[in-house]
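In what follows, a structure is listed as C-alpha cells, so that the remarks can point back to it.
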Amino acid sequence: MGAHKLADSLAYPPRAMRADRAAAYLDMSPASFHRLVDEGVLPRGHAVKGMVIWDRYELDAAFESLKGGDDNRNSMHKLLGIK
C-alpha cells in the first residue's frame, strides 16, 4: 500500500497545522495570523523536524481567552484589535 496524502477539504480540523491552515482555521489571512503571533495574541508554533506547526488546542484556548469582558465587540474584533 503506497503513501496517501489526505485531500485539503478535510471534514474535520487537523490537530496540528502549518501557518496557512492555522490562519484559515481562524478565518484570517496568513499576514494577520503572523502579526497576532508576533504580538503574542496567538501562540507560537512548535518546531518539529524542520516544520513549524500550531496545535489546534492551543489556538482554541487563545481564541477563547479573547472572548471575556462586557463590551459589545465579538471575539474576532478583539482578535484583530478592532475597537
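Name the single residue, out of those in the range 59-83 being among the small types (Gly, Ala, Ser) and touching a Leu at 6+ places or on another chain (Cβ under 9 Å), that is modelled with the lowest pLDDT. Outline the logic, then answer.
Of the residues in the range 59-83, the ones among the small types (Gly, Ala, Ser) are 61-62, 65, 68-69, 75, 81.
Narrowing further to those that are touching a Leu at 6+ places or on another chain (Cβ under 9 Å): 62, 75, 81.
Values: ALA62: 94, SER75: 68, GLY81: 77.
Among them, the one singled out is SER75.
What are the pairs with Cβ atoms under 7 angstrom where one residue, in the range 47-61, is loosely packed, with under 12 Cβ neighbours inside 10 Å and the other, located anywhere, is not in a helix (DSSP H, G or I)? Sequence gap at least six, or different chains.
Close Cβ pairs (under 7 Å, with a partner that is not in a helix (DSSP H, G or I)) amount to MET51/ARG18.
Tell me, please, whether a residue that is at pLDDT 95 or above, surrounded by 13 or more Cβ atoms within 10 Å (Cβ to Cβ) and in contact with a Phe, Trp or Tyr (Cβ under 8 Å, 6 or more places away or on another chain) can be found in the range 24-41.
Checking the range 24-41: not a single residue is at pLDDT 95 or above, surrounded by 13 or more Cβ atoms within 10 Å (Cβ to Cβ) and in contact with a Phe, Trp or Tyr (Cβ under 8 Å, 6 or more places away or on another chain).
Filter the range 1-23 down to the residues that are out of contact with any helix residue (DSSP H, G or I) (no Cβ under 8 Å at 6 or more places or on another chain) and surrounded by 10 or more Cβ atoms within 10 Å (Cβ to Cβ), then identify the one that is modelled with the lowest pLDDT. I'd like the intermediate steps shown before the answer.
Here is the first cut: in the range 1-23, the ones out of contact with any helix residue (DSSP H, G or I) (no Cβ under 8 Å at 6 or more places or on another chain) are 1-12, 18, 21.
Those still in the list that are surrounded by 10 or more Cβ atoms within 10 Å (Cβ to Cβ) too: 18, 21.
Values: ARG18: 96, ARG21: 93.
Across the range 1-23, the extreme among qualifying residues is ARG21.
If ASP27 satisfies all but one of (1) assigned to a loop (DSSP other than H, G, I, E, B); (2) touching a residue at least 24 places away in the same chain (Cβ under 8 Å); (3) touching a helix residue (DSSP H, G or I) at 6+ places or on another chain (Cβ under 6 Å), what's the number of the condition it fails?
Result: ASP27 passes all but (3).
The values are calculated or read from the model by the stated rules, or taken from the named source; none is laboratory data. Not measured: the values here are computed from a predicted model. Quick reminder, even Gly has a Cβ in these numbers, built from the backbone with ideal geometry, and neighbours come from all protein chains shown.
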